[in-house]
Amino acid sequence: MIHKVGGIRLASPPRSRMSAEGFCTECRVEILSFTGLTKCPQCGTTGVPCSYQNQVTPSINWHELHLLCVWAERFGQSIQQAGLVYGIAQALEAQYPDRHKLTLAGEVNEVKKEYPGTQLFDGEGKEIQT
Ligand SMILES: [Zn+2]
């Protein structure tokens, strides 16, 4: 049995954390047991889920975190696996809603919200899709 955890705040565990084994790294759905798990029941990813036993609270500057996310996003896009990066970045952003977005896609979406109809292009003239 699973249930969705909205806006995971890693420093403050979700109510069901004591009974769940962990969560999907990509879609953040909480997984009560990893026993027999072959894929995420929510999004279908076969990536290794996160165990709550490995939860940590590191200290890092937001700009450093932004750099890591943008580089990871770039690599993730090159292998069609950016969803994993977006899942992690969105969980981090949810903990600090007053901060700017951690990924380029998140920043572009913010610009598009502020200026509807805006198109952004990369250095090769290709429109940046988010
Ligand atoms: Zn999932």
Quiz item: Over all pairs of distinct alpha carbons, what does the Kirkwood formula give as the hydrodynamic radius of the stretch 62-114, in Å?
Solution: 11.1
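Restrict the search to the stretch 26-94; then list the trypsin sites (Lys or Arg not before Pro) that DSSP places in a loop and that have at most 14 other Cβ atoms within 10 Å of their Cβ. Present the calculation step by step, with values, prior to reporting the outcome.
Values: sites: 28, 39, 74; in loops: 28, 39.
Counting only loop positions with at most 14 other Cβ atoms within 10 Å, the trypsin sites (Lys or Arg not before Pro) in the stretch 26-94 are 39.
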Quiz prompt | Per-residue Cβ neighbour rank within 10 angstrom, fewest leading, 23, 34 | solution = 34, 23
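What list do you get for 85, 29 if you sort them by fewest beta carbons within 10 Å?
By the 10 Å Cβ count, ascending, the order reads 29, 85.
What translational diffusion coefficient, in µm²/s and rounded to a whole number, does the Stokes-Einstein relation yield for the stretch 17-130 at 25 °C and a viscosity of 0.890 mPa s, taking the hydrodynamic radius as the Kirkwood radius over Cα pairs? It would help to have the intermediate numbers written out before the result.
Working: Rh = 15.8 Å.
Rounded to a whole number, D works out at 155 µm²/s.
Here, each number is a calculation from the coordinates, and none is a lab measurement. Remember, predicted model here, so these are calculated numbers, not experimental data. No Cβ is skipped: glycine too gets one built from the backbone with ideal geometry, and neighbour counts run over all protein chains shown.
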